[in-house]
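The values are calculated or read from the model by the stated rules, or taken from the named source; none is laboratory data. This one's a predicted model, so the numbers in the text were calculated from it and none came from an experiment. All Cβ positions, glycine included, derive from the backbone under ideal geometry; neighbour counts span all protein chains shown. These area figures cover heavy atoms from the full protein model, side chains too; ligands, DNA and RNA do not enter into them. Shrake-Rupley method; radii C 1.70, N 1.55, O 1.52, S 1.80 Å.
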Amino acid sequence: MGKHLILCDCLGSQKIDAAAISDATGLACSRVHTALCTREIDSAAEALRAGDALIACAQEQQRFEELAFDIGVQEPQCFDLRDRAGWAGDDAGATTAKMAALTAAALLPQPAPKLRDITSQGQCLIIGPEEVALDAANQLANSLSITVLLSGETDPVPQAAFDVIKGDLHHMQGSLANFTIQINAFQERNPGGRAAPTWSEPQDGARSVCDIILDLTGNPSLFPAPEKRDGYLRADPKHAPSVAKAIFDAAQMVGTFEKPLYVQLEPSLCAHKRAEKAACSNCLDACPTGAITSVGDHVAIDPLICAGCGACAALCPSGAIAYDAPATGDIFRHIETLARTFRNAGGENPRLLVHDDLHGTEMIALAARFGRGLPADVIPMDLSALAGFGHAEMLAAFGAGFADILVLVGPKSDRDTIAQEAALAAALSGRAVPLLDMADPDALSDYLYAAQASDAVTSPILPLGTRRQVARTATKALQADAILPLPETAPYGAVLVDADACTLCLSCVSLCPSGALADNPDMPQLRFQEDACLQCGLCSNICPEKAITLEPRMNLTDSALSQVVLNEEEPFACITCGSLFGVKSTIEKITEKLAGKHAMFANPDAAKMIQMCDSCRIQAQYHATDNPFTGAERPAVRTTDDYLSKRSDH
């Protein structure tokens, strides 16, 4: 048996066409209940016993989960149909297509997130003013293993419940259960002796580890994006409620926790650096937590520091970094399912409202309960990492059949990354991607109802493949074959070569991380395939002649899919054997500069070696009178006669 959909009109506050939803999704639907969570709870229990129940109510999910536990069956899957579709205000009677789309999306597989266990033993470092820090230590002493770090002129504290040290915090790194700290001018309490305790002699470079850091200094954060650093708590020492909350949170950070692994990295695809020449640094520049570092030719990601904002995956030109919670393919599938089901249910020109799962979800819920809600053609899609919804995902939505894409940013959204990706998507699609920065639910509803929807593509695409492949396919569906100019930060474009300056040394070919630049083994040629170019800038950085420049653009013609010749010259023929090698102009230039002018090539025979291939050059050197490989004359072989001729008895 497949899943069956359990419907409820929430005391008659929404209109639900069960038959139409069933036709569009292929699901078996229950009758439309009116009080499933209260008076008709027995019907809910019966549906849960039947198994594979999909309940169209997220508000009372906990109640249904408790019911499943009480009757000993599997917890049901619940999703929100009422706030996002049913309570549509002006469009309350035209929401069937959106309800069908949201139901179909809820049926998609939900891959379990990849997790890593982190165990905290409760070793806590408290830093801050003496009075506040010691008070916090006293409150936490029974729950955590406490060390208080004091600084400045202060006397040792005769305290046995926790450790008190003195010093200057020089360096720290890590996250929950994995902090490493370095302290200069380190001093610890000397507990022995008579009278008041004293400090030990100061020492620099003291190192230690801890699980939790409670920062009560009131100074700037010790880490970038402190709210995203697990295990790091900070509060203003002058604000008692904040201090109390930080102390409470610290007390809970003992035990084993599950840390999601948000992104995956394929170092071989990374275009960060080659031969110590810098190239792409998009992820390094965008990471708010400092989880990404440079390691040789590629980057490395610390999964314990990564907070899963998704900006690195959206900005990575090569796909070396991919978001994995959920994966990019799952997002593409979700988008396509929403658009296709909406069309199949009779809807036209849907608009996609992308929002985070906190601020955006709350805004939609408030707008629905107390205002006009969302229009019937606006389909909401919540994401945990809004910055990960980059230009490729936006283009996939346009290509799959959405007429407009709107992004509702929240207070904690990475606006810079989202704005950059929206601008790139607009340049590629020819359609604006508005960023809605609103905190008033009524203003959100008013904007959506007043906005005029565009026309969706007549032949939707199926967004399959990598982000670059989907972006190109969607752009071709939206634009005629053309060459589109793009912003400077775009990961698509052409390589332009000054043929007069280029010597065909091919250093750019050997270092190109994507293989967009290639040579021809049969003749001196520099070839280029535009659709593979990442615009990382490595070729222009490495070119000794400064002959390469970049042009950000999207070439939608077929020429971008095949190699074209950027520069070529006539090869030089070896003067001895006639085999082709090198570049004729280069060999002639070297001959002109060195023959008869350099000590090594003062001899005409030596100068001719410049114009020989590798094999002939070695032969010429070997047979030359000044052969560098010639050793001293070998001694004659000594025979028996030679030995006997020197004996006195012969």
**Request:** Name every residue in the stretch 141-196 that is out of contact with any strand residue (DSSP E or B) (no Cβ under 9 Å at 6 or more places or on another chain) and among the charged types (D, E, K, R), in order of residue number.
**Result:** 153, 194
**Item:** Members of the stretch 203-234 found to be surrounded by 14 or more Cβ atoms within 10 Å (Cβ to Cβ), touching a residue at least 24 places away in the same chain (Cβ under 8 Å) and either under 24 Å from the mean Cα position of the chain (by Cα) or over 12 Å from residue 126 (Cα atoms) (or both), listed by number
**Value:** 206, 208, 218, 222, 223, 225, 228, 229, 230, 231, 232
**Asked** Only one of (1) over 22 Å from the mean Cα position of the chain (by Cα); (2) within 23 Å of residue 386 (Cβ to Cβ); (3) hydrophobic (A, V, I, L, M, F, W, C); (4) surrounded by fewer than 18 Cβ atoms within 10 Å (Cβ to Cβ) is not met by residue 484, so which one is it?
**Response** (2)
**Prompt:** In this structure, does residue 105 turn out to be open to solvent by less than 30 Å² (accessible area, probe 1.4 Å), assigned to a helix (DSSP H, G or I) and modelled with pLDDT under 95?
**Reply:** no
**Message:** Take the residues in the stretch 2-61 that are surrounded by fewer than 17 Cβ atoms within 10 Å (Cβ to Cβ) and acidic (Asp, Glu); name whichever of them is nearest to residue 96 (Cα to Cα).
**Reply:** 23
**Prompt:** Which residues, taken from the stretch 68-96, are surrounded by 18 or more Cβ atoms within 10 Å (Cβ to Cβ) and among the charged types (D, E, K, R)?
**Reply:** 80, 82, 83, 84
**Request:** Identify, by number, the condition in (1) without any contact (Cβ under 8 Å) to a residue 60 or more places away in the chain; (2) farther than 21 Å from residue 387 by Cα that residue 419 doesn't meet.
**Result:** (2)
**Item:** helices (runs of 4 or more DSSP H) completely within the stretch 522-612 that count 1 or more residues being open to solvent by 50 Å² or more (accessible area, probe 1.4 Å) and touching a strand residue (DSSP E or B) at 6+ places or on another chain (Cβ under 7 Å)
**Value:** 538-542, 584-594
**Request:** Go through the stretch 1-25 and count every residue that is touching a residue at least 24 places away in the same chain (Cβ under 8 Å) and assigned to a loop (DSSP other than H, G, I, E, B).
**Result:** 11
**Item:** Test: residue 112 is of a type in the set (Gly, Ala, Ser), touching a His at 6+ places or on another chain (Cβ under 7 Å) and not in a strand (DSSP E or B)
**Value:** no
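Results for (1) more than 19 Å from residue 244 (Cα to Cα); (2) of a type in the set (Gly, Ala, Ser), shown as yes or no for each residue.
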position: 128; (1), (2): no, yes
position: 133; (1), (2): no, yes
position: 139; (1), (2): no, no
position: 144; (1), (2): no, no
position: 155; (1), (2): yes, no
position: 177; (1), (2): yes, yes
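Working only within the stretch 240-270, note down all residues that are outside any helix (DSSP H, G or I), surrounded by 12 or more Cβ atoms within 10 Å (Cβ to Cβ) and of a type outside the set (S, T, N, Q).
253, 254, 257, 259, 260, 261, 262, 263, 265, 266, 270
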**Message:** Going by what's in this entry, would residue 75 be described as over 20 Å from residue 342 (Cα atoms), among the charged types (D, E, K, R) and part of a helix (DSSP H, G or I)?
**Reply:** no
**Item:** Selected residue (criterion: surrounded by the fewest Cβ atoms within 10 Å (Cβ to Cβ)) from residues of the stretch 121-138 that are over 15 Å from residue 251 (Cα atoms) and among the acidic types (Asp, Glu)
**Value:** 131
**Asked** Which residues, counting only those in the stretch 84-93, are within 17 Å of residue 338 (Cβ to Cβ) and either out of contact with any Pro (no Cβ under 9 Å at 6 or more places or on another chain) or assigned to a loop (DSSP other than H, G, I, E, B) (or both)?
**Response** 86, 88
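If you go through the stretch 117-137 one residue at a time, do you hit one that is without any contact (Cβ under 8 Å) to a residue 24 or more places away in the chain, over 30 Å from residue 369 (Cα atoms), assigned to a loop (DSSP other than H, G, I, E, B) and out of contact with any His (no Cβ under 9 Å at 6 or more places or on another chain)?
no
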**Message:** For the stretch 334-352, give me each residue that is outside any loop (DSSP other than H, G, I, E, B), of a type outside the set (Gly, Ala, Ser) and open to solvent by less than 40 Å² (accessible area, probe 1.4 Å).
**Reply:** 335, 336, 337, 338, 341, 342, 351, 352
**Request:** Scan the stretch 474-508 for residues that are in contact (Cβ under 8 Å) with a residue 40 or more places away in the chain, of a type in the set (Ser, Thr, Tyr) and in contact with a Cys (Cβ under 9 Å, 6 or more places away or on another chain) and jot them down.
**Result:** 492
**Of all residues making up the stretch 178-202, the number that are open to solvent by 40 Å² or more (accessible area, probe 1.4 Å) and either part of a loop (DSSP other than H, G, I, E, B) or more than 19 Å from residue 153 (Cα to Cα) (or both)** = 10
**Request:** Would you please name the residue that is surrounded by the fewest Cβ atoms within 10 Å (Cβ to Cβ), looking only at residues in the stretch 139-154 that are among the hydroxyl-bearing types (Ser, Thr, Tyr) and outside any strand (DSSP E or B)?
**Result:** 154
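Determine whether residue 414 is open to solvent by 10 Å² or more (accessible area, probe 1.4 Å), more than 28 Å from residue 59 (Cβ to Cβ) and touching a residue at least 24 places away in the same chain (Cβ under 8 Å).
Taking the combined requirement at face value, the residue satisfies it.
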**Prompt:** Tally time: how many residues in the stretch 491-536 are in contact with a Pro (Cβ under 8 Å, 6 or more places away or on another chain) and at positive phi?
**Reply:** 3
**Request:** Scan the stretch 284-300 and report the pairs whose first residue is farther than 14 Å from residue 262 by Cα and assigned to a strand (DSSP E or B) and whose second residue is open to solvent by less than 30 Å² (accessible area, probe 1.4 Å) and basic (Lys, Arg), with Cβ atoms within less than 9 Å and a gap of 6+ or a chain change.
**Result:** none
